[in-house]
Amino acid sequence: MDHYYPEIHAGVVRAARELDWNLDDERCRGYHGSRFPEGWLPDGVLCSTATDPALHWLRACSVPKVRLLEDAAPFSSNEPPDGIHTVALDLTKAGELAARHLLSLGTPNIAFYKYCQPRESEALLPQIRAACRKAGRTLTVLDYPGDHPQLAPSFVLPKVQREQWLRAKLEKLPLPCALMADDDRFAVEVITVATAMGLRVPEDLAVLGCEDLALVQGRSAVPVSSIDMNLELLGYTAAQTLDRMMRGGAVTAPRQVIPPKRLVERRSTSTFVSSVPGISKAVLKIRRDYSEPITVTSLARDSGMSVRSLQRLFRVATGTTVSDALMTRRLDAAANLLRETNFKQEPIAIETGLGSSKNLGRLFKEHYGMTPGQWRESRAAGIS
């Protein structure tokens, strides 16, 4: 891997163990990451192509091969597709998840920190741009490559200069604002610069990352909301596909797409902007305390509002009713538990405030068009 992801590596290792491979993975990181086998070839190759040397080497390989992630090597920008089987991330779906979450925060202003080259980030950005246009929100793009056209694609400005550029951009940003970055590395960078400027995260600037990278997340003073892109499953799927190819099996589609696992909400986007403080309180209570026995009456009391005012102003601010917002939040939490755990349906229903497995099943059927068991099986099979 010319860009190392421990999560992808873990997925490949899991498959290799199941398939009884003799896995040579010393070239996936560090010094060996830029060195390729010389004078010999393995039975099959898994390789990412974010650099020209990796792309040229993989194209020249005569053994079965699978590309990890989309081709992002500068050389290929004006070249036709090479036909190498690719296992990629569904960045379009991730963009849809991100847009929905950013718009749900109530901020009048949305921003996107575009650091990577277009082929890596454009699949996220168009979804957010389209959603903002439809919702009548202002979108500001902090365009690092656009502001630095003189830089080679692989060149990175020193950290001090990069942060100076970012600070100048954030100073001009209309607040409050909800911002998404290309991935968690740049989300953490935004949080670092913003807090040094005296901005409050998430109250002034809500920040969303992508890829949910644990090692990067650990560097942030504010826990970062992010999209879990299912990188481990990508590595596992790529290895299983390569094994079929090495055994002479047919692989019909030239490209497999791994859907994102989920959007993980943390403190960096734990906010809701409203001119009515009680509405902000109500929205945040639903998000944080959905498992508690919340009613419209109790929510109105906690928010310092009458029931009628809460219902009317909540709908104006969010576009939905209090009851529907609470049910959707609980169903999302139940879906996460179905996917992430082996818990039975009754404890999941209790844990998420839905009361009983019967109620969970009824609501799931209405919302998703399938039973909780069917939904769990479809996610285990990687069906989006």
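Values in this text are rule-based calculations from the coordinates and carry no lab data. Remember, predicted model here, so these are calculated numbers, not experimental data. Using ideal geometry, Cβ is built from the backbone for each residue, glycine included, and neighbour counts are taken over all protein chains shown.
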Checklist entry - For helix 184-196, what angle does its Cα long axis make with the longest principal axis of the chain, in degrees from 0 to 90 and rounded to 10? => result 50 degrees
Checklist entry - Which value, in debye to the nearest 20, gives the size of the charge dipole of the chain about its Cα centre, when Lys and Arg are +1 and Asp and Glu are -1 at the Cβ? => result 1600 debye
Checklist entry - Just from its helices, what would the mean residue ellipticity at 222 nm be for the chain, if runs of 4 or more DSSP H residues each count -39500 (n - 2.57) and the sum is divided by every residue, rounded to the nearest 500 deg cm²/dmol? => result -14000 deg cm²/dmol
Checklist entry - Based on the alpha-carbon gyration tensor of the range 277-375 and its eigenvalue square roots a ≥ b ≥ c, which shape applies: rounded if a/c is under 1.5, prolate if not and a/b is larger than b/c, or oblate? => result prolate
Checklist entry - Nearest 10 degrees, 0 to 90: what angle lies between the long axis of helix 357-368 and the longest principal axis of the chain (Cα atoms)? => result 70 degrees
Next on the checklist: Quick check on the chain: of the DSSP beta bridges with both residues there, what percent are antiparallel, nearest 5%?
Outcome noted: 10 percent
Item to check | Dipole in debye (nearest 20) - the range 91-229, about Cα centre, beta carbon charges: Lys, Arg +1; Asp, Glu -1 | outcome: 340 debye
Checklist entry - What shape does the range 126-217 take by its C-alpha gyration tensor, where a ≥ b ≥ c are the square roots of the eigenvalues and a/c under 1.5 counts as rounded, a/b above b/c as prolate, and the rest as oblate? => result rounded
Item to check | Relative counts (whole %) of C-alpha pair distances in the chain, using bins that are 20 Å wide | outcome: 25, 53, 21, 1
Item to check | Extended-chain gain in nm, criterion 0.36 nm per residue less alpha-carbon gap, Arg100 and Val296 | outcome: 68.1 nm
Checklist outcome for this item: the chain: relative contact order from alpha carbon pairs under 8 Å, six or more residues apart, as a whole percent, is 15 percent
Checklist entry - With N residues in the range 170-256, what two-decimal value do you get for its Cα radius of gyration over 2.2 N^0.38 Å? => result 1.56
Next on the checklist: Highest mean first, how do 81-88, 131-138 rank when packing is the count of other Cβ atoms within 10 Å averaged over residues?
Outcome noted: 81-88, 131-138
